[in-house]
Each structure stands twice: as C-alpha cells, then as structure tokens.
Amino acid sequence: MHNGPTIKPVELRAGIVENMTPDLARIVGELSAEQTSRQLVATLKTVGLVPPSRAPLEKHVKQMAHEIGGQVEKLEEAARVADALPAGVAAVSCGMDRGAVRMVEALDAAKAPARQRSKPYERTPPPPSERRYRMAWNGSTTLYDVLGKPLQTFRYAAEADADPADIARRSSADVAWVLRRHQGVDVHCIQDGAPELRVLPDTLAEILPANTNVQVVDLVDFKHLMGYLEDVVDACEPPGDPHDWKGWYRAELLRDDAAIDGIWRKLKNQGKSLPRGARKKRKAIAAALTYIRTRKNRMRYASLYAQRLPIGSGDTENTVWLMQQRVKRPAQSWQPSGLRGVLVLRALALSERWDLAWDAYAATHRKEVQCAA
C-alpha cells in the first residue's frame, strides 16, 4: 500500500505500547495516577532507571491513558473475571457526586485580550483560551461486612462533558457482580439530592440481575440532610446552639424512621411563626423544606442505622477528594482528553485494579507474527 501504515513485527511480538516497552508503560501508567510528569521522571531516576525525556514521556503516557479510557468498561470487566471478592460481604453501597476541576477552554478570538509585545512573535501563537472550573463526575461502590466495616471500594471518574450514565453503568456492573457472588446482600444507593444523580438508581434498576429479589435502598446522604438542618439552627437559634437542636435532629433521625415527617411539620410551623423581616431565618427554613419536600421517603435512616448498614455517602465524597488531589494542584488546568485519561488511571489504581486491568490492556498490543512463506 502506497504510504500505508508501517508494520513493525518485532514491536507487535513484544507488545510495544505507545513507543514504550510493556514494563515501562505499566510502571509509568500506575505512577501517573499519583504523580505529574516531572515527579514521574524524578521517581524513575531515583529507582535507578534511565527515563526518556519528560516531554515525549508525557505525550506517550497521555496517549496510552486516552486509549485505556476508551476501553475502561471492558478492562473493568476483565478485572472482575480475574479478581476475587473479599469474604463476608453483607452490604454494598454506591453513589455518585461531582467535583470542580480547572479546564482550558477555547476563547472567542474577538474577546481575547490584545497581545502586547516589544518584538515580533516569530512562532505561531496558540489560540486564545481561558480557564474555567467544570464539575467532573465521580462515583464509588463499597463493600461492607456485618459490622458495617468497609472491606473494599471501587472508584470511577470522568470529565464534566462525559455522559454520567457511563459512571452509573460501571458502578451498577460492580454491584451486579457482587450480587452474583454474594446473594442476599443489602444494596444501598446513597447520594445527595441533586437531580442529575438520579441516573444511578435508574441504571441499577436496569442492570441488576433479573433473577434476584434484591431491592435497592435509595437514600439521601445523611450528612447532606443534616447540613440543611444545621443551617436552620445556626440561623434561628442563639449562638452556640445552647439547647442542642443539632443533636436533637440527629438523635431523632437515628431513632425513628418516621422522624423526618415530624421534622417537616416542625419546620413548617416554625416558618409560619416567623416575622416578615426575619429574612435569614426564613431563607434557611425554606431551603430545608425545599430539600426535604420531594425526598422524605429517602430520609428514613433509623432501622438501617440500627443494623449497622450505611446511611452516608462518605466513600463517594472521599473519591471526589482523592481525585482532586491529583487534578487540582497549583496552576494545573486540563484539556478534556488529558483529564479523562488521568482520572481513569487514578480510578483503576485506587480501586486496586491496575494490575488486572493492565494484563487485559497489554494483551491487545501483543500479536503473533509469522514469516510469510
């Protein structure tokens, strides 16, 4: 083929990944889940390796991460086939959330500030751009024992422009896998009340095995509800909460599944008794009532708490924090493709799936090559 692709049999046999040997690619892929390219080069030198130049290495890692991102669902499925779940799984919880990431976005040239230079710029300047924060997607699936102790957590992440259904589908696939191995475990979907997060319980209903009688417990995160109630106390009670209304709300919610109904009535009556000028108090009570109004049936925690079953989305919020540790360092900003790749690498590493996923990914780069007769 004239000007066709060059086929290198030795590289196919060796399984070269983006101009890197498989061992180097595996190492730098896992390290990139935690380190920037400069830190990566320094680490390789520290352990006695001779790394390539930083810029080419960064380019090859980004290309590899982008390719892994496109295959992540298949790689996670391969990891499930090869992995063994911990013993004693009694419950599984899952949830999604969002975290802000600084992105590089194209700017209309007409709105770009004029460049002032004392000398002519000889190279072609980059297109004008600006930095904006976008809400990236995060998710988690956590396994618990009978005492409510976390046994293992699988984590997922994607850039803001990604389809949230992708995260929901990956989490639901892990929940279904757990149910196939441990029948009869409790399944809790615990998130804040944001409407865009409803994609997860909807996806769970579609993906969970049809032959199981598992009913997904759909909960609003306990901490988020308490945040609204604590705002009411801060606005309406004397400083320091001398009557411990915050403790009362918490105790009632953990004592009685029907407590949220009484709290709803209390807040309504409290709002009606306020004078018109009490804007801060009215605003806090209105926000709490709005949050509770359509979610009361997902705010019944007492019986679950008594059984030491999860009622909070701490593992999902921890996933957001762990992802932002990597992508919100000083002066960092991201293109969507670069962010997608590093989030996938970090999610696989934090889920302790990197080695299993790598075996499946590396196998796609190895080919049997025979000499033509």
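Computed quantities for the displayed model
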| read-out | value |
| --- | --- |
| From the options D231, D161, residue that is open to solvent by 10 Å² or more (accessible area, probe 1.4 Å) and modelled with pLDDT of 95 or more | D231 |
| The lone exception for D257 - which of (1) out of contact with any Cys (no Cβ under 7 Å at 6 or more places or on another chain); (2) in contact (Cβ under 8 Å) with a residue 12 or more places away in the chain; (3) outside any loop (DSSP other than H, G, I, E, B); (4) charged (D, E, K, R) it fails | (3) |
| Pairs, first touching a residue at least 24 places away in the same chain (Cβ under 8 Å) in region 75-88, second among the polar types (S, T, N, Q), C-beta under 7 Å, six or more apart | P86/Q152 |
| Members of region 320-336 that are within 19 Å of R155 (Cα to Cα) and touching a helix residue (DSSP H, G or I) at 6+ places or on another chain (Cβ under 8 Å) | L322, M323, R326, V327 |
| Options S129, S140; residue that is more than 13 Å from the chain's Cα centre (by Cα) and of a type in the set (G, A, S) | S129 |
| Region 317-373 - residue that is polar (S, T, N, Q) and not in a helix (DSSP H, G or I) and, of those, modelled with the lowest pLDDT | Q370 |
| The lone exception for A65 - which of (1) surrounded by fewer than 19 Cβ atoms within 10 Å (Cβ to Cβ); (2) under 28 Å from the mean Cα position of the chain (by Cα) it fails | (1) |
| All positions within region 184-225 that are assigned to a loop (DSSP other than H, G, I, E, B) and either closer than 25 Å to Y249 by Cβ or open to solvent by less than 20 Å² (accessible area, probe 1.4 Å) (or both) | V185, D192, G193, A194, D221 |
| Within region 75-112, tally of residues that are at pLDDT below 90 and crowded, with 19+ Cβ neighbours inside 10 Å | 0 |
| Failed criterion for D231 (all others in (1) within 26 Å of A168 (Cα to Cα); (2) assigned to a helix (DSSP H, G or I) hold) | (1) |
| Residues satisfying the stated conditions in region 1-26, i.e. in contact with a helix residue (DSSP H, G or I) (Cβ under 8 Å, 6 or more places away or on another chain), part of a helix (DSSP H, G or I) and either more than 18 Å from K367 (Cα to Cα) or open to solvent by 70 Å² or more (accessible area, probe 1.4 Å) (or both) | R26 |
| Every residue from region 275-312 that is open to solvent by less than 30 Å² (accessible area, probe 1.4 Å) and either farther than 30 Å from G184 by Cβ or free of Cβ contacts under 8 Å to residues at least 40 places away in the same chain (or both) | A278, A284, I285, A288, L289, Y291, I292 |
| Flag for R54 being open to solvent by 40 Å² or more (accessible area, probe 1.4 Å), touching a residue at least 12 places away in the same chain (Cβ under 8 Å), among the charged types (D, E, K, R) and within 21 Å of K328 (Cβ to Cβ) | no |
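The values are calculated or read from the model by the stated rules, or taken from the named source; none is laboratory data. These numbers were taken from a predicted model, which means no experiment stands behind them. Because the Cβ atoms are built from the backbone with ideal geometry, glycine has one as well, and the counts that use them run over all protein chains shown. Please note that ligands, DNA and RNA were not included when accessible areas were found on the heavy atoms of the full protein model with its side chains. Shrake-Rupley method; radii C 1.70, N 1.55, O 1.52, S 1.80 Å.
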